[in-house]
Amino acid sequence: QVQLVESGGGYVQPGGSLRLSCAASPITFSLYAMGWYRQAPGKQRELVAAITSGGVTNYPDSVEGRFTVSRDNAKRTVYLQMNNLQPEDTAVYYCKATLSSKNYWGQGTQVTVSS
């Protein structure tokens, strides 16, 4: 069974940075497309970053230039570097792994941006 475990969330002031990690097991990680999503209270879950098995990345306009997704296939881990965080970035952040139209989700990690 695929397991995804996120970490690195927390509390940060506006303008601050956080780095989220998502460790995956037991999968052939390099074959999976990976994504980071977030869900704020009362809102739908939305994509914030994606990276293909080949390392191609994609971001929505709302985080372009502030968030960076990367992956380390040897460690079976995907990262989300978040800079210049703003209160509207407050949400639970989830990691998703996709292969052959099958999706697997982590349990999420809370990110709170507040002064």
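The values are calculated or read from the model by the stated rules, or taken from the named source; none is laboratory data. Keep in mind the model is a prediction, meaning the values are calculated, not measured. A quick note on method: Cβ atoms are made from the backbone with ideal geometry, for glycine too, and the neighbour counts reach across all protein chains shown. Accessible surface areas use protein heavy atoms only, side chains included; no ligands, DNA or RNA. Shrake-Rupley method; radii C 1.70, N 1.55, O 1.52, S 1.80 Å.
Tabulated results
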quantity: Some residue of segment 65-83 being assigned to a loop (DSSP other than H, G, I, E, B), open to solvent by less than 40 Å² (accessible area, probe 1.4 Å) and of a type outside the set (Lys, Arg); calculated: no
quantity: Yes/no for Leu20 being part of a strand (DSSP E or B) and open to solvent by 30 Å² or more (accessible area, probe 1.4 Å); calculated: no
quantity: Pairs where the first residue, in segment 43-56, is in contact (Cβ under 8 Å) with a residue 40 or more places away in the chain and the second is loosely packed, with under 15 Cβ neighbours inside 10 Å, C-beta under 9 Å, 6+ apart; calculated: Arg45/Gln39; Val48/Pro60; Val48/Ser62
quantity: Test: Asp61 is modelled with pLDDT of 95 or more, more than 10 Å from the chain's Cα centre (by Cα), charged (D, E, K, R) and under 19 Å from Ser7 (Cα atoms); calculated: no
quantity: Which numbered condition Ser62 misses (of (1) in contact with a strand residue (DSSP E or B) (Cβ under 6 Å, 6 or more places away or on another chain); (2) in contact (Cβ under 8 Å) with a residue 12 or more places away in the chain; (3) open to solvent by 40 Å² or more (accessible area, probe 1.4 Å)); calculated: (1)
quantity: Any hit, segment 5-13, residues being open to solvent by 20 Å² or more (accessible area, probe 1.4 Å), assigned to a loop (DSSP other than H, G, I, E, B) and closer than 14 Å to Tyr94 by Cβ; calculated: yes
